Amino acid sequence: MSISAALVKELRERTGAGMMECKKALVEVGGDIEAAVEAMRKSGQAKADKKAGRTAAEGVVYNLVAADGKTAIVIEVNCETDFVARDENFISFVETVAAVALAKQITDVAILATVMIEPGKTVEEARAALISKVGENVKVRRIRLMKAVNVIGSYSHSGRIGVLVNLKGGDTELGKDLAMHIAANSPIVISQTEVPADKLEKEREIFMAQAENSGKPKDIIEKMVEGRIKKYLDEVSLIGQPFVKDPNIKVANLLKGKNSEVVEFVRFEVGEGIEKEQVNFAEEVMAQIKG
């Protein structure tokens, strides 16, 4: 049967699929656009499944603070390329998912997948539809919800790094400054006493091996190691670090001067901890040609 260009165009706009795929779908259902949409949604789910195993190490980290400032959320959603990470459909999905998670105070990705993102569509169904549209694997990787003690500071760096910091005392300006500091300096704990014992012991072993190579006496070596340990503890703890906006003072002194205390913080960076797949593009193209 004859399928009009206008009908193909409408189906393409509704599904985001290619012209030929839209025309084929319309032919198969006799020009019934609703039936074609349903068929393509089903095929889109199949495409999503095929892409589910592909490494998604790019994406966006997005912060959202409630209007009353009492709660905030940071979420990481991954895709395969930075090109898709800038796509308006991908960004809209991230923002909408974050808003739903914050409104319902959801911190479990599996639970979030089952929540309705719009009438008749769950987050998981919206994710599958997005995969079909952008042609890449998309994954909601992690979420962190924060409830304010007094003030929540928030800072986002180019959608690549997101930080939330929870303050007892202080004000929003201090919160933002500290969030910016955490983004730049990547502390792993708030204070030196919170550094995990196994991590500290590992660093001590490394410093000891390095010091022993110096050939110095044992008592000097022990002093060298203790000095390195103290420096390491300051480097990885928030309050031990020089403040990024004024390196002449430490964060501990900044907080003391503001009569404030950091209760908790979270720092997400896109793709951290994900092993990126090395792709041979020539082989990938040949594989696609072979079907």
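The values are calculated or read from the model by the stated rules, or taken from the named source; none is laboratory data. Predicted model only: the values in this text are computed from it and were never measured. As a convention, Cβ positions derive from the backbone with ideal geometry for all residues, glycine included, and neighbour counts pool all protein chains shown. All accessible areas refer to the heavy atoms of the entire protein, side chains included, with ligands and DNA or RNA removed. Shrake-Rupley method; radii C 1.70, N 1.55, O 1.52, S 1.80 Å.
Within segment 63-86, residues that are open to solvent by 10 Å² or more (accessible area, probe 1.4 Å) have Cβ atoms under 8 Å from residues that are hydroxyl-bearing (Ser, Thr, Tyr) and in a strand (DSSP E or B) in these pairs: ASN63/SER154; ASN63/TYR155; ASN63/SER156; VAL65/THR71; VAL65/SER154, counting only partners at least 6 apart in sequence or on another chain. Among the residues of segment 110-128, those that are out of contact with any Leu (no Cβ under 8 Å at 6 or more places or on another chain), of a type in the set (Val, Ile, Thr) and outside any loop (DSSP other than H, G, I, E, B) comprise ILE111, ILE117, THR122. Against the conditions (1) surrounded by 13 or more Cβ atoms within 10 Å (Cβ to Cβ); (2) more than 30 Å from ASN78 (Cβ to Cβ), PRO217 satisfies every one except (1). Cβ contacts < 8 Å: first residue part of a loop (DSSP other than H, G, I, E, B), restricted to segment 148-167; second residue acidic (Asp, Glu) and open to solvent by 20 Å² or more (accessible area, probe 1.4 Å), any location; separation 6+ or different chain. Result? Once the first residue is part of a loop (DSSP other than H, G, I, E, B) and sits in segment 148-167, its partners that are acidic (Asp, Glu) and open to solvent by 20 Å² or more (accessible area, probe 1.4 Å) give ARG160/GLU269.
Every condition in (1) over 30 Å from ASP177 (Cα atoms); (2) open to solvent by 70 Å² or more (accessible area, probe 1.4 Å); (3) without any contact (Cβ under 8 Å) to a residue 12 or more places away in the chain holds for LYS139 except the one numbered (3). Residue count for segment 192-208 satisfying the condition of being hydrophobic (A, V, I, L, M, F, W, C) and outside any helix (DSSP H, G or I): 1.
Filter segment 185-206 down to the residues that are open to solvent by less than 40 Å² (accessible area, probe 1.4 Å) and β-branched (Val, Ile, Thr) and list them by number. Result: VAL189, ILE190, VAL195. Just one of the listed residues (LEU164, LEU174) is over 21 Å from the mean Cα position of the chain (by Cα) and open to solvent by less than 20 Å² (accessible area, probe 1.4 Å), and it is LEU174. When segment 110-123 is filtered for residues that are buried (at least 18 other Cβ atoms within 10 Å of the Cβ) and under 22 Å from ALA67 (Cα atoms), the ones remaining, listed by number, are LEU112, ILE117. Would you check if THR107 is under 23 Å from VAL266 (Cβ atoms), of a type in the set (Ser, Thr, Tyr), open to solvent by 30 Å² or more (accessible area, probe 1.4 Å) and in a loop (DSSP other than H, G, I, E, B)? Criteria met by THR107. Among the residues of segment 240-249, those that are in a strand (DSSP E or B), open to solvent by 50 Å² or more (accessible area, probe 1.4 Å) and either touching a Ser or Thr at 6+ places or on another chain (Cβ under 6 Å) or within 15 Å of ALA179 (Cα to Cα) (or both) comprise PRO242, ASP246.
Screening VAL134 with (1) touching a strand residue (DSSP E or B) at 6+ places or on another chain (Cβ under 8 Å); (2) loosely packed, with under 15 Cβ neighbours inside 10 Å; (3) at pLDDT below 95 gives one miss only, at (2). Within segment 250-260, the residues that satisfy the criterion of being part of a helix (DSSP H, G or I) and open to solvent by less than 90 Å² (accessible area, probe 1.4 Å) are VAL251, ALA252, LEU254, LEU255, GLY257.
If you check GLU222 against the conditions, is it exposed (fewer than 14 other Cβ atoms within 10 Å of the Cβ) and under 25 Å from the mean Cα position of the chain (by Cα)? Walk me through it before giving the result.
Numbers: exposed (fewer than 14 other Cβ atoms within 10 Å of the Cβ): yes; under 25 Å from the mean Cα position of the chain (by Cα): no.
When the stated conditions are applied, GLU222 does not pass them.
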